[in-house]
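> Let me begin by handing over the structure; questions about it come next.
The values are calculated or read from the model by the stated rules, or taken from the named source; none is laboratory data. Just so you know, these numbers come straight off a predicted model, no measurement behind them. Virtual Cβ from ideal backbone geometry, glycine too; neighbours counted across all protein chains shown.
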Amino acid sequence: MATQSSVLITGASTGIGATYADRFARRGHGLVLVARDKARMDELADRLRRDYGVAVDVLPADLTAPDQIRAVETRLRDDDGIGILVNNAGANVGGGFVAQATDDVERLVTLNTTALVRLASAVAPRFAGAGAGAIVNIGSVVGLVPEFGMSVYGATKAFVLFLSQGLSHELSPKGVYVQAVLPSATRTELWSRSGVDPAALPPMMEVGDLVDAALAGFDRRESVTIPPLHDAGQWDAFQAARLAMIPGFAQVHPAPRYASAA
Ligand code: NAP
C-alpha cells in the first residue's frame, strides 16, 4: 500500500479544523494537530487513532506568539512526511471597526494573515523541491463583501484569497497544489468566540457538509472552492472581468477622467 502523506492542520482543536482532521484520518492520512488547547486535541487524537488507526501528533501552539509559531514552521520544514498543510486557524473580533480594540485588531490580523503566510512560506520550498504537496488556505466569502461591515476580518480573508491565487500561479508549475476555500456562515464556535449570541444566528451550513464539499474541490484540484455558491458561473464571470482589466493596467498616460484642470 502506498504511504499516505501526513497532514498538518492548524486550528484543529474544534470546528472546521477538527472536521478536516476527521476526514483526512478517515482517508488514512497521519496528522499533526496544531492549536492552543492541548487537552481538546489530545481527546480528538485519541479518537482518531482508535477509529482510523492513523498516527496523530499534537503540537500545541499559539500561532500569534513568535516563539511558538517557529516550532510549527520547523516541523513543516523538516518533516518530509508532511505533504499537506491546512492553514485553517482563524478568528473574528465582534463589533464594528470603531468599537474594536486596536490590540485585538492586530492579533486578528496576525493570526489570520501573518501566521498563515509564515507557515506557507516555511513549507513551500520543501514542497516545490519535491515537486509535490498541497497547501489549503481557509478564507471566507466575507473577503469578497466589504458591504458586510466586517472590515478587518474580511480584509484578512481577501489577503488569503489573493495569496492563494498568487501561490497557485507560482507553485502549480512546480507540482504544488494550492487551494483557497471560502466558506460562508458555518455552524462552529467562531461565532460565540467573537461575542455573537448563537441564538441570534440565522440558519447556517453544518461543518461536516462544508468540509466534505471543500474536499470535493480538493480532489478536483480547484484553486478556489466556494461551497455555498451554487452558480459557479458567477465566480467564473468575476474572474473573467478581473482578467479583462489587466491589459488596461499597462498604460503610460493616466485615464482622461484624471486629466488635470490646471
Ligand atoms: P472555531 O470553531 O472558532 O475554530 C478556530 C480554531 O482556530 C480553533 O481550533 C482554535 O483553537 C484555533 N485558534 C484560534 N486562535 C488560535 C491561535 N492564536 N493559535 C492557534 N490556534 C488558534 O472556528 P471555525 O469556524 O472552525 O474557523 C476555522 C476557519 O474557518 C477560520 O479561518 C475562519 O475564519 C474560517 N471561516 C469560518 C466561518 C464560519 O462561519 N464558521 C466562515 C468562513 C470562514 P484553540 O482555541 O484551541 O487555539
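> For the range 169-190, enumerate the residues that are without any contact (Cβ under 8 Å) to a residue 60 or more places away in the chain and touching a Leu at 6+ places or on another chain (Cβ under 6 Å).
From the range 169-190, those without any contact (Cβ under 8 Å) to a residue 60 or more places away in the chain are 169-182, 184-185, 187; that's our starting set.
Selection gives Val178, Ala180.
> Here's something else I'd like to know. Among the residues that make up the range 66-75, is at least one of them closer than 24 Å to Arg40 by Cα, more than 9 Å from the ligand (Cβ to nearest atom), surrounded by fewer than 18 Cβ atoms within 10 Å (Cβ to Cβ) and small (Gly, Ala, Ser)?
Looking through the range 66-75, at least one residue is closer than 24 Å to Arg40 by Cα, more than 9 Å from the ligand (Cβ to nearest atom), surrounded by fewer than 18 Cβ atoms within 10 Å (Cβ to Cβ) and small (Gly, Ala, Ser).
> Follow-up. Return the total of residues in the range 31-72 being among the acidic types (Asp, Glu) and farther than 23 Å from Thr3 by Cα. Please lay out each step first, then the result.
Let us first name the residues in the range 31-72 that are among the acidic types (Asp, Glu), namely 37, 42-43, 46, 51, 57, 62, 67.
Next, from what is left, pick out any that are farther than 23 Å from Thr3 by Cα: 37, 42-43, 62, 67.
Matching residues across the range 31-72 total 5.
> Mind checking whether some residue in the range 30-43 is at pLDDT 95 or above, part of a helix (DSSP H, G or I), touching a Gly at 6+ places or on another chain (Cβ under 7 Å) and buried (at least 24 other Cβ atoms within 10 Å of the Cβ)? Can you show your working first?
Keep residues of the range 30-43 that are at pLDDT 95 or above, which gives 30-43.
After this cut, where a residue has to be part of a helix (DSSP H, G or I) as well, the list is 38-43.
When the remaining residues are screened for being touching a Gly at 6+ places or on another chain (Cβ under 7 Å), the result is none.
Checking the range 30-43: not a single residue is at pLDDT 95 or above, part of a helix (DSSP H, G or I), touching a Gly at 6+ places or on another chain (Cβ under 7 Å) and buried (at least 24 other Cβ atoms within 10 Å of the Cβ).
Quick grid of which residues meet (1) exposed (fewer than 10 other Cβ atoms within 10 Å of the Cβ); (2) over 17 Å from Gly139 (Cβ atoms); (3) of a type in the set (A, V, I, L, M, F, W, C):
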residue: Arg187; (1), (2), (3): no, yes, no
residue: Leu201; (1), (2), (3): no, yes, yes
residue: Val224; (1), (2), (3): no, no, yes
residue: Asp236; (1), (2), (3): no, yes, no
residue: Ile246; (1), (2), (3): yes, yes, yes
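> Could you list, in sequence order, the residues of the range 199-237 that are over 19 Å from Val160 (Cα atoms), of a type in the set (A, V, I, L, M, F, W, C) and touching a residue at least 40 places away in the same chain (Cβ under 8 Å)?
Result: Val207, single match.
> How about the range 198-215: which of its residues are more than 11 Å from Val181 (Cα to Cα) and of a type in the set (A, V, I, L, M, F, W, C)? Even if it seems obvious, please write down each step before you answer.
Here is the first cut: in the range 198-215, the residues more than 11 Å from Val181 (Cα to Cα) are 198-209, 212.
The answer is Ala199, Ala200, Leu201, Met204, Met205, Val207.
> What pairs can you find where one residue is in the range 238-254 and under 20 Å from Phe162 (Cβ atoms), the other is surrounded by fewer than 10 Cβ atoms within 10 Å (Cβ to Cβ) and aliphatic (A, V, I, L, M), and their Cβ atoms are less than 7 Å apart, with a gap of 6+ or different chains?
none
> Within the range 71-128, track down each residue that is of a type in the set (Val, Ile, Thr), assigned to a helix (DSSP H, G or I) and farther than 19 Å from Ala158 by Cα.
Applying the first criterion (of a type in the set (Val, Ile, Thr)) to the range 71-128 yields 72, 74, 82, 84, 86, 93, 98, 102, 105, 109-110, 113-114, 117, 123.
Still in the list and also assigned to a helix (DSSP H, G or I): 72, 74, 102, 105, 109-110, 113-114, 117, 123.
Those that are of a type in the set (Val, Ile, Thr), assigned to a helix (DSSP H, G or I) and farther than 19 Å from Ala158 by Cα: Val72, Thr74, Thr102, Val123.
> If we scan the range 44-52, do we find a residue that is more than 25 Å from Arg107 (Cα to Cα) and within 12 Å of the ligand (Cβ to nearest atom)? First the steps, then the outcome.
If we filter the range 44-52 for residues that are more than 25 Å from Arg107 (Cα to Cα), which is where we start, we get 44-52.
With within 12 Å of the ligand (Cβ to nearest atom) added as a condition, the list becomes 44.
The answer is yes; a qualifying residue exists.
> Name the residue that is surrounded by the most Cβ atoms within 10 Å (Cβ to Cβ), counting only residues in the range 92-150 that are of a type in the set (Ser, Thr, Tyr) and within 15 Å of the ligand (Cβ to nearest atom). Write out each step before concluding.
Applying the first criterion (of a type in the set (Ser, Thr, Tyr)) to the range 92-150 yields 102, 110, 113-114, 121, 140.
Cutting the leftovers down to within 15 Å of the ligand (Cβ to nearest atom) gives us 110, 113-114, 140.
Numbers: Thr110: 18, Thr113: 18, Thr114: 17, Ser140: 28.
Looking at residues that are of a type in the set (Ser, Thr, Tyr) and within 15 Å of the ligand (Cβ to nearest atom), I get Ser140.
> Check Thr188 against each of (1) within 12 Å of the ligand (Cβ to nearest atom); (2) touching a Phe, Trp or Tyr at 6+ places or on another chain (Cβ under 9 Å) and name the one condition it does not meet.
(2)
> OK, next. Name every residue in the range 15-29 that is on the phi > 0 side of the Ramachandran plot and in a loop (DSSP other than H, G, I, E, B), in order of residue number.
Gly28
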